[in-house]
Amino acid sequence: MSASQSSPVKSALRTLEVIEFVVAHPGGVVARDIANGLDIPLSSLSYLLATLTEREYLSREGRRYSGGPALDRLRTDRANLSLEDRVAPLVRALAAELDETASFMVREDWQARIVASRSSAQALRYAIAPGETKPLHVLAGGKAILSQLSDAQLEAYFDETRGQRECLTEHTIVSPAALRKQIATFRDQGYATAMEESTAGISSIARPVRLGDVDGAFSIAVPSIRFLPELQNRAQSALARAVASLHVDR
């Protein structure tokens, strides 16, 4: 493909990424957050933001940008959106901001089912497909979900999965005592981690979210070689914003 053919496609993709990033944060977001999240120079972003604002795809109040009235003419009533449609833009925004694989999962019985996912663009990455299910105890998202269950629900989980919690890797934690200790820690800190418990070489971090009677979690999965403190801190912040944005969206 020639440069003249690929450039418009890249520009269109960048425009869509900016719109999706802003729309994924209903409380509004400043230009610097967009630039940092999508790795766009502020000088280039300012022209794009001005154009989108002029066309009313974005609105600006002070320094903060949010979705504009032109988007209202395109989108379905949010009350009629499926859970997948509600979380997918936030998952895409997480993946774009961190350039790591992001997903949203829900609890079905004692399994975690992936509702939406977006893979990292990096060569070394983890991929998980919507519809895929895994045991709660092996995923950061699953552990995050367990951390928000009531004590009675947690007792039911340990009782009903007795003898069924498999070791998928040498690092998988299956003992009730160790899991209870982890869950107590995750409850206190508000997020969960899993270090190579589902797939060798892959670590993950997640935050729980409850929507009515649905127990869910946003999660970031990262090759362990890149799962460093700086990335973990960025992921914690991005996950917290995603959870907050989903609640604002309700």
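The table for this structure:
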| item | result |
| --- | --- |
| Candidate set: region 121-140, residues that are in contact with a strand residue (DSSP E or B) (Cβ under 7 Å, 6 or more places away or on another chain) and without any contact (Cβ under 8 Å) to a residue 40 or more places away in the chain; chosen: the one nearest to ARG226 (Cα to Cα) | ALA127 |
| Of residues in region 94-110 being touching a residue at least 12 places away in the same chain (Cβ under 8 Å) and part of a loop (DSSP other than H, G, I, E, B), the one farthest from GLN236 (Cα to Cα) | TRP110 |
| Test: residue in region 163-176 that is of a type in the set (S, T, N, Q) and open to solvent by 70 Å² or more (accessible area, probe 1.4 Å) | yes |
| Lone unmet requirement of (1) exposed (fewer than 13 other Cβ atoms within 10 Å of the Cβ); (2) without any contact (Cβ under 8 Å) to a residue 40 or more places away in the chain for ARG113 | (1) |
| In region 38-69, the residues that are out of contact with any helix residue (DSSP H, G or I) (no Cβ under 6 Å at 6 or more places or on another chain), surrounded by 14 or more Cβ atoms within 10 Å (Cβ to Cβ) and either in a strand (DSSP E or B) or modelled with pLDDT under 90 (or both) | SER59, ARG64, SER66 |
| Residues of region 123-145 classified as touching a helix residue (DSSP H, G or I) at 6+ places or on another chain (Cβ under 8 Å) and in a loop (DSSP other than H, G, I, E, B), total | 2 |
| Out of SER203, SER237, sole residue that is part of a helix (DSSP H, G or I) and either open to solvent by 20 Å² or more (accessible area, probe 1.4 Å) or of a type in the set (Gly, Ala, Ser) (or both) | SER237 |
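The values are calculated or read from the model by the stated rules, or taken from the named source; none is laboratory data. Only a predicted model underlies this, so the values are computations on that prediction, with no experimental measurement involved. Neighbour counts are summed over all protein chains in view; Cβ atoms, including those assigned to glycine, are modelled from backbone coordinates with ideal geometry. For accessibility, only protein heavy atoms count, side chains too; no ligands or nucleic acids. Shrake-Rupley method; radii C 1.70, N 1.55, O 1.52, S 1.80 Å.
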